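Down below is the structure, laid out as structure tokens.
The values are calculated or read from the model by the stated rules, or taken from the named source; none is laboratory data. Note that this is a predicted model, so its numbers are computed, not measured. Reconstructed Cβ throughout: ideal geometry from the backbone, glycine too, with neighbour counts over all protein chains shown. Note: areas computed on protein heavy atoms with side chains; ligands, DNA, RNA excluded. Shrake-Rupley method; radii C 1.70, N 1.55, O 1.52, S 1.80 Å.
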Number of protein chains: 2
Amino acid sequence: MTTLTDVAKRANVSKMTVSRVINHPEQVRDELKQSVFTAMHELNYRPNVAAKALVNNRTQIIKLFILEDMDTTEPYYMNLLAGISKELGKEQYSLQLVTNHSFDIGGCDGYIVTGMRHTDFEWVQRLTRPVVLFGENRLELDYCDTNNTLGTQMATEYALKQGYTNIEFIGINVKEPFEYSREAGYLMSMQNHQLPTTIHRFSNHSHLAMEYIEANWSDLKANTCYVCASDRLAFGIEKGLTIFNARVPADFGIIGFDGVFLNQVATPKLTTVQQPIFELGVRCARMLLTKIEKDGQSQGIEQLLPTLSIAGSTRNDQGD
Amino acid sequence: MTTLTDVAKRANVSKMTVSRVINHPEQVRDELKQSVFTAMHELNYRPNVAAKALVNNRTQIIKLFILEDMDTTEPYYMNLLAGISKELGKEQYSLQLVTNHSFDIGGCDGYIVTGMRHTDFEWVQRLTRPVVLFGENRLELDYCDTNNTLGTQMATEYALKQGYTNIEFIGINVKEPFEYSREAGYLMSMQNHQLPTTIHRFSNHSHLAMEYIEANWSDLKANTCYVCASDRLAFGIEKGLTIFNARVPADFGIIGFDGVFLNQVATPKLTTVQQPIFELGVRCARMLLTKIEKDGQSQGIEQLLPTLSIAGSTRNDQGD
DNA sequence: AATTTTCCTGCAACCGATTGCACTAGCTTC
DNA sequence: GAAGCTAGTGCAATCGGTTGCAGGAAAATT
């Protein structure tokens, strides 16, 4: 390993000058700066993260808490990780995963918390370093999330535009903020159009939605589009309709929410509200880094726009 | 932050004694050890990872390379992460994620590499720290993986036992070692029973398997069980059979491979060869830690046993 | 009783970086 | 021309641990 001192010798300066070239380049004469740069390059100098961490009292570690049970974790988490990891890597931060299986040991400079339920509030608020959440919350905690309300509004508007005359919402039972927001988006759109609303709520497993369709097939209204709070639910609906050889998308439309999952499985592919998961990871990380830099100062919230990914589970008349 | 020196003062010893209590407890008198312990406890002492790292020339970081495209990554990766993270956490190691989106910056003490294709060989072999792979390989590199051959053997044997008279293998096109191994398991079992073999190969996307069924429906042999190289493929088969209202599991059986994916989606649930992913994560991490401790000495390979998770896509006669 | 051995503990140096302060030029300024 | 500034650079101390060696007391050997 080449150290600051090695570079210093090579460039015929003190190691202080080298350090300054890295951290306060404006304080160093251009001439010296150049020779230091070439020395660093020739020796392939890489700063020792641990030494830096020690003197700066920074661990250069960000902990990612995944509070959800990993068994039921959505696959799109991988995209989130990629986004976070990319952004942290830019500033020499490393990403430490803390799951319900590992212990929280050692220090860190900040936290990103995902999958927080209302029961985790107390615990999260006790953390002594800057925190950013992935996912809406009604506390004063900084977070990044998809604009969930807008997502279901987009879905609802699209369904109406495609001529479905009855729009129903398939929601999730558990009462977390993002679930409310998705329901709210549907409700807002429907009320704007002065249309009657119908909401079904299941736990987030496809088979319940499927069973609902199975049990109520004869009562289903023609030309219905199901706006769903998740791809899993949408998938259950589609499965249920398939049993009766229902014509999708001609007679029934289905719109999911999330947008990663189904692209790998469903056939025909689902129309869905696509969350910008990777970008959300990037933003979470960036927000946290800024917060750390600004000494824990609140960064507010950041809601990214979802996009409607149109596929085979809804009619798709191009005309406006 | 309380330091070694703080603890030392409190316990009326030098900081050396405290350090030894932690690292070489046998060298310290019981009496002193006790008072040091209580001092550590009272002050809630946590060792400074960076300082330790600096003097020991260890970063305490393990890098996990995920070489696969994150977009198509299997959801079970989350379980792998959980397993790795748990094991690393035990020894104060932190897990740094390196994806195709982030850069590989800063040092580390070792690598776990997943999703390696044969095209990555050269690159991986150039790494200068201990490496353990997740996934079979034909090089001399240490790895952990499911016993893939055994997995498809179990699936095949079970299908036969349940009275399916024609067993066909739905495999994956790309030629990586685990794919060969899964095919081999099927072939071995069939040849042991002196039965004719049929192998189809697709890329690992469900729709191709589905389209195959769709296109060849009239030629399918009755009482066939499809032993598949992945849950995705199995899912495609099931989807295809559903189109024709085929009776599963009465007339056709389907067995998948992986065992995480489908539990969230498919209905009826698929019988599948369940990989012990979490445990594989633990073993990978443990193997790497041992390898680091033993100065890079090769640790060989570790193949864990899969289990057959029996569900609704195969007949299930309990009798022996 | 004197000497050796063993066991335990503390001092000082060091890992590789950064910060505060002192110092040397070279330039202004009066 | 002496005093005062300003840049630019280096020295020494520091972060929180660990290792090598020295030293003191008790136990074992002679």
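List pairs: first residue in the range B:21-42 and within 17 Å of residue B:9 (Cβ to Cβ) and of a type in the set (Phe, Trp, Tyr), second residue at pLDDT 90 or above and within 14 Å of DNA strand D (Cβ to nearest atom) anywhere in the structure, Cβ distance under 9 angstrom, at least six positions apart or on different chains.
What qualifies is B:37/B:11; B:37/B:21.
Quick check on the range B:100-115. Is at least one of its residues over 18 Å from residue B:58 (Cβ atoms) and away from chain A (no Cβ under 14 Å)?
yes
Can you pull out the residues in the range B:209-225 that are farther than 19 Å from residue B:256 by Cα and in contact with a Leu (Cβ under 7 Å, 6 or more places away or on another chain)?
none
For the range A:1-42: of the residues being open to solvent by 100 Å² or more (accessible area, probe 1.4 Å) and touching a Leu at 6+ places or on another chain (Cβ under 8 Å), which is farthest from DNA strand C (Cβ to nearest atom)?
For the range A:1-42, the residue satisfying everything is A:10.
Restricting to the range A:13-59, and then to whatever is among the basic types (Lys, Arg) and within 7 Å of DNA strand D (Cβ to nearest atom), can you tell me which residue is nearest to the other protein chains (Cβ to nearest Cβ)?
Kept after step one, since they are among the basic types (Lys, Arg), are these residues of the range A:13-59: A:15, A:20, A:29, A:33, A:46, A:52, A:58.
Checking the rest, the ones that are also within 7 Å of DNA strand D (Cβ to nearest atom) come to A:20, A:29.
On the way: A:20: 21, A:29: 28 Å.
Top of the filtered list is A:20.
Scan the range B:158-196 residue by residue and report those that are within 29 Å of residue B:114 (Cβ to Cβ) and among the charged types (D, E, K, R). Full working, then the answer.
Here is the first cut: in the range B:158-196, the residues within 29 Å of residue B:114 (Cβ to Cβ) are B:158, B:169-189.
Hits for the range B:158-196 are B:175, B:176, B:179, B:182, B:183.
Looking at (1) over 14 Å from the mean Cα position of the chain (by Cα); (2) modelled with pLDDT of 90 or more; (3) farther than 21 Å from residue A:81 by Cβ, can you tell me which one residue B:111 breaks?
With (1) over 14 Å from the mean Cα position of the chain (by Cα); (2) modelled with pLDDT of 90 or more; (3) farther than 21 Å from residue A:81 by Cβ applied to residue B:111, the lone miss is (3).
Across the range A:276-310, what is the number of residues that are touching a Cys at 6+ places or on another chain (Cβ under 8 Å) and not β-branched (Val, Ile, Thr)? If you could, list the steps in order and put the result at the bottom.
Here is the first cut: in the range A:276-310, the residues touching a Cys at 6+ places or on another chain (Cβ under 8 Å) are A:280, A:283-284, A:287, A:301-304.
When the remaining residues are screened for being not β-branched (Val, Ile, Thr), the result is A:280, A:283-284, A:287, A:302-304.
Residues in the range A:276-310 being touching a Cys at 6+ places or on another chain (Cβ under 8 Å) and not β-branched (Val, Ile, Thr): 7 in total.
Against the condition open to solvent by less than 10 Å² (accessible area, probe 1.4 Å) and more than 14 Å from residue A:82 (Cβ to Cβ), how does residue B:80 come out, does it pass?
Values: open to solvent by less than 10 Å² (accessible area, probe 1.4 Å): yes; more than 14 Å from residue A:82 (Cβ to Cβ): yes.
The answer is yes for residue B:80.
Identify, by number, the condition in (1) under 23 Å from residue B:177 (Cα atoms); (2) at pLDDT 90 or above; (3) not small (Gly, Ala, Ser) that residue B:76 doesn't meet.
Every listed condition holds for residue B:76 apart from (2).
Among the residues of the range A:41-51, are any of a type in the set (Asp, Glu) and modelled with pLDDT of 90 or more? Write out each step before concluding.
Here is the first cut: in the range A:41-51, the ones of a type in the set (Asp, Glu) are A:42.
Keeping just the survivors that are modelled with pLDDT of 90 or more gives A:42.
Checking the range A:41-51: at least one residue is of a type in the set (Asp, Glu) and modelled with pLDDT of 90 or more.
Would you please name the residue that is farthest from the other protein chains (Cβ to nearest Cβ), looking only at residues in the range B:124-134 that are touching a residue at least 12 places away in the same chain (Cβ under 8 Å) and open to solvent by 10 Å² or more (accessible area, probe 1.4 Å)?
Going through the qualifying residues, I end up with B:125.
Counting only residues that are open to solvent by 10 Å² or more (accessible area, probe 1.4 Å) and acidic (Asp, Glu), which one in the range A:88-123 is farthest from residue B:100 (Cα to Cα)?
A:122
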